Amino acid sequence: TQLLEQSPQFLSIQEGENLTVYCNSSSVFSSLQWYRQEPGEGPVLLVTVVTGGEVKKLKRLTFQFGDARKDSSLHITAAQPGDTGLYLCAGVLLGANNLFFGTGTRLTVIP
Amino acid sequence: NAGVMQNPRHLVRRRGQEARLRCSPMKGHSHVYWYRQLPEEGLKFMVYLQKENIIDESGMPKERFSAEFPKEGPSILRIQQVVRGDSAAYFCASSSGQGYGYTFGSGTRLTVV
């Protein structure tokens, strides 16, 4: 049983399209992070959200933390080929010490 | 500081040998985490260490695996008597404290033949 479920698992879109990736759980998190991982490399932190309902923007990426702090979404506007990669959400459970990672969404943006 | 340094990048071991994976955290980071990633899967937590202390090893297999973060030097993940199922990418991350974002190394890809 996965603590954090991401959907979709795979996504292939044309350059210029918009997309949303979802990260869901039945557990409450004190914080949630999004990472992007390129082949052969470690994940790179994109954003950390800590407050229920929080929305953060990073250029064409918009991150939202659910009001109940159980879920999050990542929206990309006007996707570019450079956005291709594995997107991972990760959360710290209340009272826990470590980060649990989601199942991942592999995004391919076709030029 | 180039970030979290892991070595070696690639490691090949025969079944039954020992594997030692090293991780030097970012300067100023005293929290180290080890994760394992199988092909096409997410990262699985293994162990969380601070200097000279194991804080949480709930993700570590009970046998053959051990980790340390000595007062001086890098953190070491040690796998004794490796088996084919140990083949994976092992990532180390560091942070300046709980709740802060992690900085990951480039990983060590272990292949057991």
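The values are calculated or read from the model by the stated rules, or taken from the named source; none is laboratory data. Owing to the predicted nature of the structure, the values given are computational and were not obtained by experimental measurement. Here the Cβ positions follow ideal geometry from the backbone for every residue, glycine too, while neighbour counts run over all protein chains shown.
Here are the numbers for the structure shown:
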item: Residues within the range B:56-85 that are under 16 Å from B:Trp34 (Cβ atoms), at pLDDT below 95 and not in a loop (DSSP other than H, G, I, E, B), tallied; result: 1
item: The range B:96-113, residues that are more than 10 Å from chain A (Cβ to nearest Cβ) and more than 10 Å from the chain's Cα centre (by Cα); result: B:Ser96, B:Gly97, B:Leu110, B:Thr111, B:Val112, B:Val113
item: Candidates B:Ala67, B:Ala93, filtered to the one that is within 10 Å of the chain's Cα centre (by Cα), within 27 Å of A:Thr48 (Cα to Cα) and either within 9 Å of chain A (Cβ to nearest Cβ) or not β-branched (Val, Ile, Thr) (or both); result: B:Ala93
item: Elements of type strands (runs of 3 or more DSSP E) contained in the range A:56-111, each with 1 or more residues being within 14 Å of chain B (Cβ to nearest Cβ) and crowded, with 17+ Cβ neighbours inside 10 Å; result: A:61-65, A:85-93, A:99-101, A:105-110
item: A:Gln9 vs. criteria in contact with a Phe, Trp or Tyr (Cβ under 9 Å, 6 or more places away or on another chain) and under 18 Å from B:Leu43 (Cα atoms); result: no
item: Restricting the range B:78-90 to residues that are within 14 Å of chain A (Cβ to nearest Cβ) and of a type in the set (A, V, I, L, M), the residue that is nearest to A:Gly40 (Cα to Cα); result: B:Ala89
item: Flag if B:Ser75 is more than 8 Å from chain A (Cβ to nearest Cβ), in contact (Cβ under 8 Å) with a residue 12 or more places away in the chain, touching a Phe, Trp or Tyr at 6+ places or on another chain (Cβ under 6 Å) and polar (S, T, N, Q); result: yes
item: Of the criteria (1) of a type in the set (D, E, K, R); (2) in contact with a Leu (Cβ under 7 Å, 6 or more places away or on another chain); (3) in a loop (DSSP other than H, G, I, E, B), which one A:Arg36 fails; result: (3)
item: Residues located in the range B:19-54, provided they are in a strand (DSSP E or B), facing chain A (nearest Cβ under 9 Å) and surrounded by fewer than 16 Cβ atoms within 10 Å (Cβ to Cβ); result: B:Lys44
item: Answer residue from the range B:1-18, given it is among the hydrophobic types (A, V, I, L, M, F, W, C) and assigned to a strand (DSSP E or B) and is farthest from the chain's Cα centre (by Cα) among those; result: B:Val12
item: Which listed residue is in contact with a Ser or Thr (Cβ under 7 Å, 6 or more places away or on another chain), surrounded by fewer than 17 Cβ atoms within 10 Å (Cβ to Cβ) and at the interface with another protein chain (Cβ under 10 Å from one of its Cβ atoms), from A:Gln33, A:Gln9; result: A:Gln9
item: Single condition B:His10 does not satisfy, out of (1) exposed (fewer than 13 other Cβ atoms within 10 Å of the Cβ); (2) in contact (Cβ under 8 Å) with a residue 24 or more places away in the chain; (3) more than 13 Å from every other protein chain (Cβ to nearest Cβ); result: (3)
item: Single match in B:Leu21, B:Leu38 (criterion: touching a residue at least 24 places away in the same chain (Cβ under 8 Å), over 11 Å from the mean Cα position of the chain (by Cα) and closer than 28 Å to A:Gln2 by Cβ); result: B:Leu38
